[in-house]
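Chemist: Attaching a single structure in structure tokens format; questions to follow.
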Amino acid sequence: IGRNQNTIEEIDPDYVRRQKLHVVRRLSGGGAVYHDHGNLNFSFITGDSRELHHFARFTEPVVRALNRLGVPAELRGTSDLFVEDKKISGNAQFAAGGRMFSHGTLLFDTALEEMLRALNPRQVAVESKAVQSIRNFVTNIRDYLPSDTTLPDLKEAILREIFPGGAVEAFPLDTAAWEKVREISAERYGSWDWNFGRSPRYNMRKSETLPAGKYDVRLEVEKGRIRQVVFYGNFPSSRELMGLTDRLIDVRHDPEALRQALAGVDLVPYLGAITTDQLVNLLY
């Protein structure tokens, strides 16, 4: 997920949960991307932040490598690589402390159907100031290469363009370095507050007709937590709804957190014959 995106606006959370996919917010901007073992990622780190927004400098060796392999790739717009009007790569950048990195994806042999399912938001009315991904028609680079070409082959071709005529110097990480990597990963990228809670403030509306009646739920969410919730509909109710809605204020907008907040609550006096799972589905 891009730095400025609303997470649940960019994915199908039900599909992601069923497939046990990891959702991670990155430091750089741009749109949401899908990673699997058929996706090759590259990053350039420099000590000159003045190159920020200069995507061509960093995509040029990638384009040259693909062209030498017979793939008619080209940079279009600011930061995307295309082959015959189909997108194969998106790129983003981030700068801090006088340094910057430019990184991108390469769809080599990605499961495109799975990707489109994961990045296809449910049909829920969600409004926010988040930057929505621009979804283009995409394709795999593998379709333009001989059938025996592998992802390591593509990686090697790109390295030859970056280091023409010379050896590629490697910097293997030792045990201590990997421990630091895992520490940073757990502290930031393994955090719900970072991956979901940093989503921009948004309003969500969801409605459904159940045996007990019609339910229309309006939510206001800020920093990943419910700030306001209102129920409308023709469901039977014998108790003031505030007794239920107050329980949901400041709860994380997350299915498990919602279930915990509703644990032990008799919903019938508030909303009629509705189960906890049905209510959670309405709220998320």
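Chemist: Glu9 passes all but one of (1) surrounded by 19 or more Cβ atoms within 10 Å (Cβ to Cβ); (2) more than 22 Å from Gly190 (Cβ to Cβ); which number fails?
Modeler: Of everything listed in (1) surrounded by 19 or more Cβ atoms within 10 Å (Cβ to Cβ); (2) more than 22 Å from Gly190 (Cβ to Cβ), Glu9 misses just condition (2).
Residue by residue, here is whether (1) of a type outside the set (A, V, I, L, M); (2) in contact (Cβ under 8 Å) with a residue 12 or more places away in the chain holds:
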{"position": "Ala186", "(1), (2)": "no, no"}
{"position": "Met204", "(1), (2)": "no, yes"}
{"position": "Gly224", "(1), (2)": "yes, yes"}
{"position": "Phe231", "(1), (2)": "yes, yes"}
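Chemist: I'd like to check which strands (runs of 3 or more DSSP E) are fully inside the range 177-284 and have at least 3 residues that are more than 24 Å from Tyr15 (Cα to Cα) and open to solvent by less than 70 Å² (accessible area, probe 1.4 Å).
Modeler: Of the strands (runs of 3 or more DSSP E) lying wholly inside the range 177-284, those with at least 3 residues that are more than 24 Å from Tyr15 (Cα to Cα) and open to solvent by less than 70 Å² (accessible area, probe 1.4 Å) span 225-233.
Chemist: If you take the residues in the range 108-138 that are of a type in the set (Lys, Arg) and open to solvent by 80 Å² or more (accessible area, probe 1.4 Å), which one is modelled with the highest pLDDT? Explain how you work it out, then say what you get.
Modeler: Of the residues in the range 108-138, the ones of a type in the set (Lys, Arg) are 117, 122, 129, 135.
Going one step further and asking which of them are open to solvent by 80 Å² or more (accessible area, probe 1.4 Å), we end up with 117, 129, 135.
Working: Arg117: 87, Lys129: 63, Arg135: 55.
Per the stated criteria, the residue is Arg117.
Chemist: Being within 21 Å of Thr139 (Cα to Cα) and open to solvent by less than 60 Å² (accessible area, probe 1.4 Å) is the filter here; which residues of the range 13-41 pass it?
Modeler: Those that are within 21 Å of Thr139 (Cα to Cα) and open to solvent by less than 60 Å² (accessible area, probe 1.4 Å): Gly30, Gly31, Ala32, Val33, Tyr34, Asp36, Gly38, Asn39, Leu40.
The values are calculated or read from the model by the stated rules, or taken from the named source; none is laboratory data. Quick caveat: nothing in here was measured; it's all calculated off a predicted structure. Positions of Cβ are generated from backbone atoms using ideal geometry, with glycine treated the same way; all protein chains shown enter the neighbour counts. Accessible surface areas use protein heavy atoms only, side chains included; no ligands, DNA or RNA. Shrake-Rupley method; radii C 1.70, N 1.55, O 1.52, S 1.80 Å.
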